[in-house]
Structure formats: C-alpha cells, structure tokens
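Reading through the structure tokens given below for one structure.
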Amino acid sequence: MLDETKLNAFIGRMLGDLGGALSVPLVRIGDRLGLYKALHEGGPMTPGELATKACIAERYAREWLSHHAASGYLEYDAGSGKFTLPPEQAMIFADPDSPVYMQGGFDVAVAMMENQAQVEQAFRSGKGVGWGEQSQCLFCAAGRFFRPGYHNNLVQAWLPALDGVTAKLERRASVADVGCGHGFSTIMMAKAFPQSTFVGYDFHPGSVAQARIHAEQHGVTANTRFEVATASEFPANDLDLVTFFDCLHDMGDPVGAARHVRQTLKPDGSWMIVEPAAGDRLEDNLNPVGRLYYAGSTMICIPTSLDQPVGAALGAQAGYSKLSAVIAEGGFGKVRKAAETPFNMILEARP
Ligand SMILES: C[S@@+](CC[C@H](N)C(=O)[O-])C[C@H]1O[C@@H](n2cnc3c(N)ncnc32)[C@H](O)[C@@H]1O
C-alpha cells in the first residue's frame, strides 16, 4: 500500500533536486557576470545596488537575487530589502582558492547535459564517446572542478605523504604528469619545486594547447613543458615521479598504462595516483559524493574509457581494491593509500 508520508518526503526531496538542477544556469550567470564577486566585495545589497555595481539590468538582478534567496544561497533581509552572500556561501561560489569552491561542478553539469545525445546513443550501442568528442566546455570544466582540491592539498599534504618524494623534488627530480588536462596540477608542482623538471602528457591536443598557454601565464616554462601522448606510450625514462590526477579510471587500458609507467620510472621512483574517493562496494558509495561521481562516471568516464583500446571502463568509483589490482598487474610490488580527502584518495605505488 502507498505510504503517504514516504511519498510526501520523496516529493520534498525531488523538489530540492529539481530546484538544484534548475539553478545551474543561474549560478553560472552569477559567476560569469561577477554577481558573486560584487556581493562578496560589496556586502549587503538591494537589486538596484547590485545592478549598478555589476553593470546589469535591475529587473534581472531582482529575479536572480530572489531565486538565490529562495535557494538559501543568499540571505534576504525584508526590513532593508538587501541580499547578503554569507561567508560560508562565499566559499562555495566566490572564492576560487577555497577548498570547497564548486563553480567547476556547475560547469561540469552543463557539459554533461550537452553530452546527453551522444551518451544516450552509446547506451544502445555499448560503444564509447571519445574525450575529444564530448562537449567542448568539458575540458575547462574538469580542470576547474578539480583545481580547488589540488590547490589546497597537493603541495601541502599529498606530495609530503609519499615516501621521500618531497626531498627529491626539492633537490632536482624528473617528473611526468600524465593525463594532465589543462595542466593545473603540473603547474602547481612546477611552481613549488623550481629545481625539478615537469612534463605534462595528455592524449587530447586541445587540452595540451591550453596547458601550454597556462604555463606561459604562470611563468613556469623554464622547468615545464606539455606534450601530446597517451598514457601507454609517453616517451620518458629515468623518472623520479609519475603523477596521474583523476584520470587512471578514464583510460581504456589502465593496466597497459601502469606497465608503461613502471618502465619509465627509476628503480626507486614513485607513482602517485589521485582517484575519486570511493569504497570498494556500491553500498559504500551510496552517499552525496558517490552520487556526483556516479553521474560523472556514467556521462563522462565510462564513455571515455570504452572509446579507447581495451575499454576497461573502471568507472570513477573503482575503489581501492580494484585500483590496487590494476597497479599490481602493471608490475608494481608495493601500493598503499598515502592520503585521503572527502573527494579523493591518493595512492602511492613503488616498483
Ligand atoms: C578527468 S580529466 C583530468 C585532467 C587533469 N588531470 C585534472 O585533474 O584536471 C581526465 C584526463 O585524462 C586524459 N586521458 C584519458 N585517457 C587518456 C589516455 N589513454 N592517455 C592520456 N590521457 C588520457 C583526458 O584527455 C583528460 O585530460
């Protein structure tokens, strides 16, 4: 029999979910037109004040602010008619360096919607959709989505969690950052360790071109370069460190990639693999983070992997056991979880 209390609770949840989905374009407009920045810098504002500060039409400002107040993204004071961006919300919407900055997630949502027709077709055929054939805003969105986690953890916590790696980087190490995308991770490491040399490899030429522009902008071209190459064939040897940021599970042949990494490393070299945080079993991942990652995995990671030779399709929520088996099959004798955040697990593999 129908349980009305459960039905009402579920309707309430779905209203929240749909409200979130319909907020995506509004949040992106707020980001692109500098509305969060204006509220963050300017404090409480009426629609007229926001319109003047951000150079937008007042009628649109009022509707956007009203939506944001109804969403709990802004606070509204009926007495003064002003809207405020509280400091906690500012961390999500306005501060790109905050560990919980989520604008990139809204960009990924749009990229996933644009991918729908191709992925829907792939559901029927069982084939993949190439990384380069996906929505053209996916590449920037992915970089922007992952950057806050790297900015707040990579140099401060993840590299120091590896055995002896920071000391080598401080002296002079040779590093490959594979599947580097737009190169945020490569550039962060290159800035922190100017004595070491970094090569970012990715098989998507558009991303490599963008990474080269970023390297120029950040002034790291003296110790950094970017090249187009697959993870199973990038041309390197005698490396001290190889890094894979949120990309091993996207690869068609992760075991082939692991084998190749093994060959490129010095005997005492290290491989750092950053992957989405996930438990080994589905039941461990039935939570808000798992929900986001399964969505991304269905629309992006599985199609990307299935489009490549082997098509292992590990999925974004592969989990430690599956990942460590892949790494061991690639010829690594030791693997361990070196660090972890709510969003990522950091694995260290040694020959
Ligand atoms: C989710 S993105 C992560 C990009 C970047 N590492 C970051 O964290 O922002 C996955 C990246 O893996 C790359 N990729 C996927 N399969 C690859 C392969 N077989 N060889 C090299 N790169 C690959 C894609 O082009 C993409 O840039």
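The values are calculated or read from the model by the stated rules, or taken from the named source; none is laboratory data. Bear in mind that the values here come from a model prediction, so they are computed numbers and not experimental data. Every residue, glycine among them, receives a Cβ derived from its backbone with ideal geometry; neighbour counts consider all protein chains shown. Side chains are part of the model used for accessible areas, which takes the heavy atoms of the whole protein and leaves out ligands, DNA and RNA. Shrake-Rupley method; radii C 1.70, N 1.55, O 1.52, S 1.80 Å.
Values for this structure:
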| quantity | calculated |
| --- | --- |
| Selection count, segment 151-180, where residues are open to solvent by less than 40 Å² (accessible area, probe 1.4 Å) and either at pLDDT below 95 or of a type in the set (D, E, K, R) (or both) | 2 |
| Of all residues in segment 188-205 being within 11 Å of the ligand (Cβ to nearest atom) and closer than 14 Å to residue 174 by Cα, the one that is surrounded by the fewest Cβ atoms within 10 Å (Cβ to Cβ) | 201 |
| Residue, surrounded by the fewest Cβ atoms within 10 Å (Cβ to Cβ), within segment 1-23, restricted to residues that are of a type in the set (A, V, I, L, M) and not in a helix (DSSP H, G or I) | 1 |
| Matching entry among 208, 220 (being among the β-branched types (Val, Ile, Thr) and away from the ligand (no atom under 15 Å from the Cβ)) | 220 |
| In segment 61-118, the residues that are farther than 25 Å from residue 137 by Cα, of a type in the set (A, V, I, L, M) and touching a Ser or Thr at 6+ places or on another chain (Cβ under 7 Å) | 74 |
| Residue list for segment 137-152, restricted to those being away from the ligand (no atom under 12 Å from the Cβ) and either touching a residue at least 40 places away in the same chain (Cβ under 8 Å) or over 26 Å from residue 313 (Cβ atoms) (or both) | 152 |
| 1 or more residues more than 26 Å from the chain's Cα centre (by Cα): qualifying helices (runs of 4 or more DSSP H) within segment 24-116 | 35-42, 47-54, 58-71 |
| Residue within segment 232-246 that is modelled with pLDDT of 95 or more, within 9 Å of the ligand (Cβ to nearest atom), of a type outside the set (Phe, Trp, Tyr) and touching a His at 6+ places or on another chain (Cβ under 9 Å) present | yes |
| Residue that is farthest from residue 160 (Cα to Cα) [pool: residues in segment 256-274 that are surrounded by fewer than 23 Cβ atoms within 10 Å (Cβ to Cβ) and either under 21 Å from the mean Cα position of the chain (by Cα) or within 12 Å of the ligand (Cβ to nearest atom) (or both)] | 256 |
| Filter result (among the charged types (D, E, K, R) and within 16 Å of the ligand (Cβ to nearest atom)) within segment 275-285 | 275 |
| Hits in segment 297-348 (condition: part of a strand (DSSP E or B) and open to solvent by less than 60 Å² (accessible area, probe 1.4 Å)) | 335, 338, 339, 344, 345, 346, 347, 348 |
| Any chance residue 288 is within 11 Å of the ligand (Cβ to nearest atom), more than 27 Å from residue 329 (Cβ to Cβ) and of a type outside the set (Gly, Ala, Ser) | no |
| Test: residue 306 is farther than 22 Å from residue 154 by Cα, touching a residue at least 24 places away in the same chain (Cβ under 8 Å) and in contact with a Cys (Cβ under 9 Å, 6 or more places away or on another chain) | no |
| Tally of residues being open to solvent by 60 Å² or more (accessible area, probe 1.4 Å) and either outside the structural domain of residue 168 (by TED's automatic domain parsing) or within 30 Å of residue 166 (Cβ to Cβ) (or both) across segment 275-296 | 1 |
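Conditions tested, residue by residue: (1) surrounded by 14 or more Cβ atoms within 10 Å (Cβ to Cβ); (2) under 30 Å from residue 189 (Cβ atoms); (3) of a type in the set (Val, Ile, Thr); (4) free of Cβ contacts under 8 Å to residues at least 12 places away in the same chain.
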| site | (1), (2), (3), (4) |
| --- | --- |
| 38 | yes, no, no, no |
| 83 | yes, no, no, no |
| 87 | no, no, no, yes |
| 116 | no, no, no, no |
